[in-house]
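This report refers to the structure that appears directly beneath it.
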Amino acid sequence: MKSLSKIFFSVILALFSLVPGSCTKAENKKEEQTKITSPEEYPGKKAFATFAGGCFWCIEAPFENVDGVIAVISGYAGGKEKNPTYEQVSSGKTSHREAVQITFDPDIISYSELLDIFWQQFDPTDEGGSFYDRGFQYSSAIFYHDNSQRDVAKASIQKLEEAKIFQKPIVTPLIKFSNFYPAEDYHQDYYKKNPSEYYAYRKGSGRDAFIAKHWPVKLEEKYKKPSDAELKKRLTKLQYDVTMHEATERAFQNEYNGNKEEGIYVCIVSGAPLFSSKDKYESYSGWPSFTKPIDARLLEKPTDVSFGMTRVEVRSKLGNSHLGHVFNDGPQPTNLRYCMNSAAMRFIPKKDMEKEGYGAWMWILN
């Protein structure tokens with residue numbers, strides 16, 4: 001039975017849903033994103049994540065252009081030598097690994113979401129290097145910055161092991177962060193500066209083939225936004241207004257707020273996977289709430305300044321559609337509340353995921 005305080009909170013939120021507020025109708029007023037040229041200029045919260053997964057070019061690129069990520073720097077981490085050079089580290093003459101350091105805003109993206117992206121970039125069962133780059137300097141590691149990151153990483157490894165994503169045990173160690181030295185300028189944004197060499201390296205090393213074998217790839221080719229005319233035919237008026245015009249549905253009077261069935265929630269516009277029932281929780285807000293998405297790379301999070309408030313909108317990147325908002329009042333481990341409109345999503349029960357083409361995500365429900 002709900003406590004009196006939770007009942008009171010629910011009533012207040014039900015009334016609040018009738019006026020502008022959490023997960024409420026926006027007037028399509030989005031604040032222009034300020035160009036941040038360095039992490040030091042960023043006005044919001046900042047936290048750090050440091051990962052090693054072989055060649056740092058290939059770990060840096062996937063985190064670029066992910067909303068909530070402020071900066072991604074290639075460098076060297078974990079060794080005792082000061083100010084190492086690429087020649088020293090790549091030759092194996094130091095105790096450093098090639099690594100990347102990510103500066104992120106924990107009010108927009110969580111460490112858990114960054115880990116979900118990280119695991120999909122390399123072979124965590126290889127302790128002798130990474131693909132055809134051999135040696136300790138190319139081995140993987142998670143350098144945790146505090147005990148919370150350590151615990152989240154441990155839980156992440158356990159989940160992957162239980163899901164049997166990989167044929168062999170995960171050997172990526174968890175190491176307390178000690179130092180990070182940025183690599184030389186020509187290594188930063190290598191994928192932009194030398195795209196031909198970068199993509200040839202990814203393919204030639206076997207990295208891309210490994211990722212394609214273990215994870216869903218090229219989702220942008222599979223999940224596309226239909227024409228506006230088709231959407232108007234296929235969607236209800238509420239679904240169209242929510243997704244295309246940032247309207248909202250009423251709190252406590254929507255399809256998925258109380259849904260407790262196992263499955264995943266997909267974009268009603270594109271079909272792209274968005275959220276898992278494993279990450280759904282009762283927020284007493286009146287809308288379906290989640291601690292994190294299935295893959296943060298499938299979302300956009302622009303600043304929303306409608307109604308005189310500053311909030312973080314959540315949009316489906318492949319559907320170019322409004323989903324809801326994300327707030328920093330959620331539970332651990334992410335402390336985020338993805339407050340979504342039911343009308344922006346379609347629920348796929350676990351029993352139907354294989355036949356509907358979502359079998360690749362069955363493991364997240366284990």
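So in the stretch 68-101, with the set limited to residues that are among the acidic types (Asp, Glu) and surrounded by fewer than 16 Cβ atoms within 10 Å (Cβ to Cβ), which one is nearest to residue 57 (Cα to Cα)?
Per the stated criteria, the residue is 87.
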Residue satisfying condition, being more than 19 Å from residue 138 (Cα to Cα), surrounded by fewer than 13 Cβ atoms within 10 Å (Cβ to Cβ) and of a type in the set (A, V, I, L, M, F, W, C), within set 200, 212: 212
Please note which helices (runs of 4 or more DSSP H) are completely contained in the stretch 70-187 and include at least 1 residues that are over 12 Å from residue 49 (Cβ atoms) and either among the basic types (Lys, Arg) or free of Cβ contacts under 8 Å to residues at least 60 places away in the same chain (or both). 86-90, 147-163
Meets criteria (more than 15 Å from the chain's Cα centre (by Cα) and modelled with pLDDT under 95) for residue 132: yes
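Pick out the one residue from 100, 72, 66, 89 that is touching a His at 6+ places or on another chain (Cβ under 9 Å), at pLDDT 95 or above and not assigned by TED's automatic domain parsing to the domain that holds residue 300.
From the options 100, 72, 66, 89, the qualifying one is 89.
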Subset tally (residues that are surrounded by 18 or more Cβ atoms within 10 Å (Cβ to Cβ) and assigned to a strand (DSSP E or B)) for the stretch 271-299: 8
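So that you can scan it fast, the table gives a plain yes or no per residue for (1) in contact with an Asp or Glu (Cβ under 9 Å, 6 or more places away or on another chain); (2) part of a loop (DSSP other than H, G, I, E, B):
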| residue | (1), (2) |
| --- | --- |
| 243 | no, no |
| 247 | yes, yes |
| 251 | no, yes |
| 255 | yes, yes |
| 269 | no, yes |
| 318 | yes, yes |
| 324 | yes, no |
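Suppose we filter 230, 282, 197 for residues that are without any contact (Cβ under 8 Å) to a residue 24 or more places away in the chain, not assigned by TED's automatic domain parsing to the domain that holds residue 324 and not small (Gly, Ala, Ser); which single one remains?
197
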From the residues in the stretch 201-221 that are in contact (Cβ under 8 Å) with a residue 12 or more places away in the chain and within 22 Å of residue 362 (Cβ to Cβ), which one is farthest from the chain's Cα centre (by Cα)? 210
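Look through 201, 181, 111 and report the one residue that is in contact with a Pro (Cβ under 7 Å, 6 or more places away or on another chain) and among the aromatic types (Phe, Trp, Tyr). Talk me through it step by step, then tell me what you get.
Numbers: 201 fails: in contact with a Pro (Cβ under 7 Å, 6 or more places away or on another chain); 111 fails: in contact with a Pro (Cβ under 7 Å, 6 or more places away or on another chain).
After ruling out the rest, the residue left standing is 181.
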Output the residues belonging to the stretch 25-63 that are assigned to a strand (DSSP E or B) and either at pLDDT below 80 or aliphatic (A, V, I, L, M) (or both). 30, 47, 49, 52
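Output the number of residues of the stretch 188-226 satisfying the condition of being part of a helix (DSSP H, G or I) and among the polar types (S, T, N, Q).
Selection size over the stretch 188-226: 2.
The values are calculated or read from the model by the stated rules, or taken from the named source; none is laboratory data. Just so you know, these numbers come straight off a predicted model, no measurement behind them. Cβ atoms come from the backbone with ideal geometry, glycine included; neighbour counts cover every protein chain shown.
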